[in-house]
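Scroll down for the structure; my scribbles are underneath it.
The values are calculated or read from the model by the stated rules, or taken from the named source; none is laboratory data. Just so you know, these numbers come straight off a predicted model, no measurement behind them. All Cβ positions, glycine included, derive from the backbone under ideal geometry; neighbour counts span all protein chains shown.
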Amino acid sequence: MGNVVVDVMLKSEILDPQGQAVAGALPRLGFNQFTDVRQGKRFVLSVEGEVTDEVLAAAREAAETMLSNPVIEDVVSVRVEPQA
Amino acid sequence: MKIGVVTFPGSLDDHDASRAVRVAGGEPVSLWHGDDSLRDVDAVVLPGGFSYGDYLRAGAIARFAPVMSVLIPAAQGGLPVLGICNGFQILCESHLLPGAMIQNDHRTFICRSQRLRVENATTAWTSDYQLGDEITIPLKNQDGQYVADRSTLDELEGEGRVAFRYLVADASAHTYDRFAGRNPNGSYRDIAGITNERGNVVGLMPHPEHAVEEGYGPSLDGLKFFTSVLKSVVNA
């Protein structure tokens, strides 16, 4: 079984309320060194057999059409997860 | 005059939307997300709620429901479509309207009576209002922050396609309004609702369908959405 990993992040100019909430809570645990937090999404798409170029192309298309909204998000990476 | 109301898994306000259509004098027709038919309706309402649990992004999965495959081309062809709250999110995800909705900037769910100003009284859903009318209808949402890039916002403003704007209470005045001095969800340029170029597709975050009957909601200010579309269908 092969996996394709898709990472999606909010565009830098879009406010990230969840990231801000995390950033606000970190100092309470003594983590004072982080000036900002941005939270993203990771999708792991599994297929039977190996991840072929076709599978990877389909994953890229899915990432652009459904897994992300290009108005507010960027697909940061689409990559094959190495077999464990 | 048949107005379709689509039910997705997780829709909450479909019954109120149907009731509002009836109160306005129209005939509501239930449409199902899994059907690829619009049952010959004259207009469609995409109601509020949490379709597919708001998973992925609000409206992102509903946008690919079978009923949308017929609704999107029909809307592009001029069929009047109103998206309320989650319905607005679905219209943005469908690219029938520009921009996107993200989480409220203050991160909490809001439920309140909200004042709005009508900024376009020529759409299929707003023609019974006068430009500049101030209305009060319920607002209840988690992901209600309207965002778009600057050029899109400028285009919307330049073409008069901002249909509704949040009225913001004066922060300097003595007030108990939690949102004095700022709009209730962080929406860019206080935008509460927009329309497409043709004026047949309108989306807004607040809920006109909850303000159509005496004894329910803060006013009857929402009724004109539904009376407007009934007239526009007659005149079409």
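Listing for the model above:
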| read-out | value |
| --- | --- |
| Hits in the range A:39-56 - residues which are under 19 Å from A:LEU10 (Cα atoms) and more than 13 Å from chain B (Cβ to nearest Cβ) | A:VAL44 |
| Residue within the range A:48-68 that is of a type outside the set (Lys, Arg) and in contact with a helix residue (DSSP H, G or I) (Cβ under 6 Å, 6 or more places away or on another chain) present | no |
| Selection within the range A:2-37 - more than 11 Å from chain B (Cβ to nearest Cβ), under 21 Å from A:SER68 (Cβ atoms) and in a strand (DSSP E or B) | A:ASN3, A:VAL4, A:VAL5, A:VAL6, A:ASP7, A:MET9 |
| Criterion violated by B:SER151 - all others in (1) part of a strand (DSSP E or B); (2) within 14 Å of chain A (Cβ to nearest Cβ) satisfied | (1) |
| Selection within the range B:143-166 - out of contact with any helix residue (DSSP H, G or I) (no Cβ under 8 Å at 6 or more places or on another chain) and among the aliphatic types (A, V, I, L, M) | B:LEU156, B:ALA163 |
| Test: residue in the range A:46-60 that is within 30 Å of B:SER187 (Cβ to Cβ), hydrophobic (A, V, I, L, M, F, W, C) and either within 14 Å of the chain's Cα centre (by Cα) or not in a strand (DSSP E or B) (or both) | no |
| A:GLU81 farther than 21 Å from B:GLY59 by Cβ, away from chain B (no Cβ under 14 Å) and within 16 Å of the chain's Cα centre (by Cα) | yes |
| Checking A:VAL8 against (1) closer than 26 Å to B:ARG150 by Cβ; (2) surrounded by fewer than 16 Cβ atoms within 10 Å (Cβ to Cβ), the condition it does not meet | (2) |
| Filter result for B:GLY132 (within 14 Å of chain A (Cβ to nearest Cβ), touching a strand residue (DSSP E or B) at 6+ places or on another chain (Cβ under 9 Å) and small (Gly, Ala, Ser)) | no |
| B:CYS85, sole failed condition from (1) buried (at least 22 other Cβ atoms within 10 Å of the Cβ); (2) within 14 Å of chain A (Cβ to nearest Cβ) | (2) |
| Single match in B:PRO138, B:PRO206, B:PRO184 (criterion: touching a Ser or Thr at 6+ places or on another chain (Cβ under 7 Å), buried (at least 17 other Cβ atoms within 10 Å of the Cβ) and modelled with pLDDT of 95 or more) | B:PRO138 |
| Test for B:ARG165: is it within 16 Å of the chain's Cα centre (by Cα) and not aliphatic (A, V, I, L, M) | yes |
| Boolean, A:GLN33 is of a type in the set (S, T, N, Q) and at pLDDT below 95 | no |
| Qualifying strands (runs of 3 or more DSSP E) (wholly inside the range B:9-119; at least 2 residues being within 15 Å of the chain's Cα centre (by Cα) and within 25 Å of A:MET66 (Cα to Cα)) | B:43-46, B:81-84, B:100-102 |
| Scan of the range A:57-71 for residues that are more than 10 Å from A:VAL8 (Cβ to Cβ), among the aliphatic types (A, V, I, L, M) and within 13 Å of chain B (Cβ to nearest Cβ), ordered by number | A:ALA62, A:MET66, A:VAL71 |
| The range B:101-118, residues that are surrounded by 23 or more Cβ atoms within 10 Å (Cβ to Cβ) and either small (Gly, Ala, Ser) or away from every other protein chain (no Cβ under 14 Å) (or both) | B:GLN114, B:LEU116 |
| Candidates B:THR122, B:THR126, filtered to the one that is of a type in the set (Val, Ile, Thr) and within 21 Å of B:SER219 (Cα to Cα) | B:THR126 |
| Qualifying positions in the range B:185-220 - acidic (Asp, Glu) and at positive phi | B:ASP190 |
